[in-house]
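The values are calculated or read from the model by the stated rules, or taken from the named source; none is laboratory data. None of the values given here were measured: they were computed from a predicted structure. Using ideal geometry, Cβ is built from the backbone for each residue, glycine included, and neighbour counts are taken over all protein chains shown. Only protein heavy atoms, including side chains, enter the accessible area calculation; ligands, DNA and RNA are left aside. Shrake-Rupley method; radii C 1.70, N 1.55, O 1.52, S 1.80 Å.
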Amino acid sequence: RDYNLLILHNLPSGKHDASALIRKAAEARIPILYILGTQTNVRAFNALNTGLSISGSLDKSNPVQASVNQGFSLFTISDETRHILPEFPPLLAPFGRYTLSASNAVLLNQQIGAVSTDDPLLVFFESGETKTGVLCGEGIWRWKLADFRQHDQFNAFTEILTKTIQNLC
């Protein structure tokens, strides 16, 4: 109850199911940001009924880049950030078929090479009073390094991270 947001990186995993922690957060109505990656147990994640399920993952990952969803309306991001995000290095996303519940807001879609897909990279859900976010890829730290290397600042990275957290809280 002392927390405003729970960030789970690669959880649930094969070694840590984190179900007790996730249950306590749900009971306390603490929003959760899941960061899925190579160690995420996709079956256990799907069982959480977050609004996103990934089928046929076979414990494989796929390098994906960000493509901004122009129809996203929960908050706005600057035009500068919209142009910079596709330049950032790829994240490692669980490979599989992504299915979303009807009540979702996708900020970023996965782009594989030059092909932008409908698979979410960063998506938000709201169920009752509880909000959930899912970043479908690990390695976001590379975005901060790339932002600084390319622009001598962290503005785009900070904007995405800050607005994501503000929206969930």
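Name the strands (runs of 3 or more DSSP E) wholly inside region 65-169 in which the number of residues that are within 21 Å of Pro12 (Cβ to Cβ) is 1 or more.
91-94, 97-100, 115-127, 130-135
Can you tell which of Leu52, Leu92, Leu74 is over 14 Å from the mean Cα position of the chain (by Cα) and either modelled with pLDDT of 95 or more or of a type in the set (Lys, Arg) (or both)?
None of the others qualify; the one that does is Leu74.
Can you pull out the residues in region 30-78 that are of a type in the set (S, T, N, Q), touching a helix residue (DSSP H, G or I) at 6+ places or on another chain (Cβ under 6 Å) and under 21 Å from Ser127 (Cα atoms)?
Ser53
With respect to the numbered conditions (1) touching an Asp or Glu at 6+ places or on another chain (Cβ under 6 Å); (2) open to solvent by 60 Å² or more (accessible area, probe 1.4 Å), which one is the sole condition not fulfilled by Thr81?
(2)
Conditions tested, residue by residue: (1) open to solvent by less than 20 Å² (accessible area, probe 1.4 Å); (2) within 14 Å of the chain's Cα centre (by Cα); (3) over 15 Å from Leu33 (Cβ atoms).
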{"position": "Leu100", "(1), (2), (3)": "no, yes, yes"}
{"position": "Ser103", "(1), (2), (3)": "no, no, yes"}
{"position": "Leu108", "(1), (2), (3)": "yes, yes, no"}
{"position": "Gly113", "(1), (2), (3)": "no, no, yes"}
{"position": "Lys131", "(1), (2), (3)": "no, yes, no"}
{"position": "Asp147", "(1), (2), (3)": "yes, no, yes"}
{"position": "Lys163", "(1), (2), (3)": "no, yes, no"}
